[in-house]
Amino acid sequence: MAHCIVPDAEAILDKEFPVLDKGFVRLVDYMGGDARIVQAARVSYGAGTKTVREDAGLIDYLLRNQHTSPFEQVVLTFHIKMPIFVARQWVRHRTARLNEISGRYSVMQNEFYLPAQEDVAVQSTDNKQGRSTESVSQELVDTTRSLLATGQEEAYHTYTKLVDSGLAREIARINLPLSLYTEIYWQCDLHNLMHFLKLRLDGHAQKEIRDYAAVILEICRKVAPLTMASFENNIQQGVSFSGEELAALRDVVEGKPNPLSGKKLERFNAKLQQGVQK
């Protein structure tokens, strides 16, 4: 099989999918799809020797049993516009290749992320790195958005004033806030991309990066629909148990008392509930 063409992927190439208030995700290029994964796994088989059902079964087997190398044969390249604070989370996924717009060479645009009213929240009392789901007064929402917008406007005014004065752009940019939009080209193979999606679609991830992950999932469905269906069933919607938890689950199924207690029992019940919710 030569170059792998996926019609649904071809149809969305270079199309901007909006995210947040000013961001987007764009599929720039792709290499391979479900057919490439199947071919890589079978090696000696040519195209057309198996049915779609058999291909889906093979892909599901590979993913379910963590035979990941065939998925690395598929590579996607994205052009993404996101706030800097989202990009700082993004670069933690070091298994991709990334190029970002440089504020040393380019004059940054007056584009900042301002959270929607429904996304303004107070700090969670039981999650040190997240926001609460409690309702917030309209007064706090309005004050928050107003203060953020004012700070962004003042920061950009200072930035442009320094740039216009002839100051080096690499110095003028240093007071720009994390809400400033940046742009990256991000290339990742499908194996590592699924790991990114597993983490960033999870409810514990920050809401803004979850929004980007949801759009990337939709794009991946166009490139490799059989693979992403297996991913959603086996990984995204799946729950893993430790050996101790699995033994406890067997006891419960057999009608025996659950041997777990305390925090272990809480984590066990949370996993069961997570499976029900998904």
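The values are calculated or read from the model by the stated rules, or taken from the named source; none is laboratory data. Quick caveat: nothing in here was measured; it's all calculated off a predicted structure. We place every Cβ from the backbone using ideal geometry, glycine too, and count neighbours over all the protein chains shown. Protein only, heavy atoms only, side chains kept; ligands, DNA and RNA dropped before computing areas. Shrake-Rupley method; radii C 1.70, N 1.55, O 1.52, S 1.80 Å.
Residues checked against (1) open to solvent by less than 10 Å² (accessible area, probe 1.4 Å); (2) among the small types (Gly, Ala, Ser); (3) modelled with pLDDT of 95 or more; (4) in a strand (DSSP E or B):
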site: Thr182; (1), (2), (3), (4): yes, no, yes, yes
site: Gln187; (1), (2), (3), (4): no, no, yes, yes
site: Asn192; (1), (2), (3), (4): no, no, yes, no
site: His195; (1), (2), (3), (4): no, no, yes, no
site: Asp202; (1), (2), (3), (4): no, no, no, no
site: Glu208; (1), (2), (3), (4): yes, no, yes, no
site: Val215; (1), (2), (3), (4): no, no, yes, no
site: Arg221; (1), (2), (3), (4): no, no, yes, no
site: Leu226; (1), (2), (3), (4): no, no, yes, no
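Can you name the number of the only condition in (1) within 30 Å of His93 (Cα to Cα); (2) open to solvent by less than 70 Å² (accessible area, probe 1.4 Å); (3) modelled with pLDDT of 95 or more that Glu170 fails? Only one criterion in (1) within 30 Å of His93 (Cα to Cα); (2) open to solvent by less than 70 Å² (accessible area, probe 1.4 Å); (3) modelled with pLDDT of 95 or more is unmet by Glu170, namely (2). Within the range 100-117, residues that are basic (Lys, Arg) and assigned to a loop (DSSP other than H, G, I, E, B) reach partners that are modelled with pLDDT of 95 or more and surrounded by 15 or more Cβ atoms within 10 Å (Cβ to Cβ) with beta carbons closer than 9 Å, at six or more positions or on different chains, in the pairs Arg104/Arg169; Arg104/Arg173.
Pairing each residue of the range 241-257 that is surrounded by fewer than 12 Cβ atoms within 10 Å (Cβ to Cβ) with any residue that is assigned to a helix (DSSP H, G or I), provided the two are 6+ apart or on different chains, yields C-beta distances under 9 Å for Lys256/Arg250; Pro257/Asp251. Do we have any residue at all in the range 46-58 that's touching a Cys at 6+ places or on another chain (Cβ under 8 Å) and either open to solvent by less than 70 Å² (accessible area, probe 1.4 Å) or among the aliphatic types (A, V, I, L, M) (or both)? No, every residue in the range 46-58 fails to be touching a Cys at 6+ places or on another chain (Cβ under 8 Å) and either open to solvent by less than 70 Å² (accessible area, probe 1.4 Å) or among the aliphatic types (A, V, I, L, M) (or both). Just name the residue that is nearest to Arg145 (Cα to Cα) out of those in the range 118-133 that are outside any loop (DSSP other than H, G, I, E, B) and free of Cβ contacts under 8 Å to residues at least 12 places away in the same chain. Taking the candidates together, the pick is Glu118. Restricting attention to the range 90-121, the residues that are in contact with a helix residue (DSSP H, G or I) (Cβ under 6 Å, 6 or more places away or on another chain), open to solvent by less than 40 Å² (accessible area, probe 1.4 Å) and more than 26 Å from Glu154 (Cβ to Cβ) total 1. Only one of the numbered conditions (1) assigned to a helix (DSSP H, G or I); (2) open to solvent by less than 60 Å² (accessible area, probe 1.4 Å); (3) of a type outside the set (D, E, K, R) is violated by Val136, and that is (1). Which residue is farthest from Glu111 (Cα to Cα), if the candidates are limited to the range 139-167 and must be open to solvent by less than 80 Å² (accessible area, probe 1.4 Å) and aliphatic (A, V, I, L, M)? Here the answer is Leu140. Any idea which of (1) farther than 30 Å from Cys220 by Cβ; (2) of a type in the set (A, V, I, L, M); (3) within 27 Å of the chain's Cα centre (by Cα) is the one Leu162 doesn't satisfy? Of everything listed in (1) farther than 30 Å from Cys220 by Cβ; (2) of a type in the set (A, V, I, L, M); (3) within 27 Å of the chain's Cα centre (by Cα), Leu162 misses just condition (3). Only one of the listed residues (Phe71, Phe78) is surrounded by 12 or more Cβ atoms within 10 Å (Cβ to Cβ) and touching a Phe, Trp or Tyr at 6+ places or on another chain (Cβ under 7 Å). That residue is Phe78.
Reported count of residues in the range 1-38, each being open to solvent by 30 Å² or more (accessible area, probe 1.4 Å) and either part of a strand (DSSP E or B) or at pLDDT 90 or above (or both), is 20.
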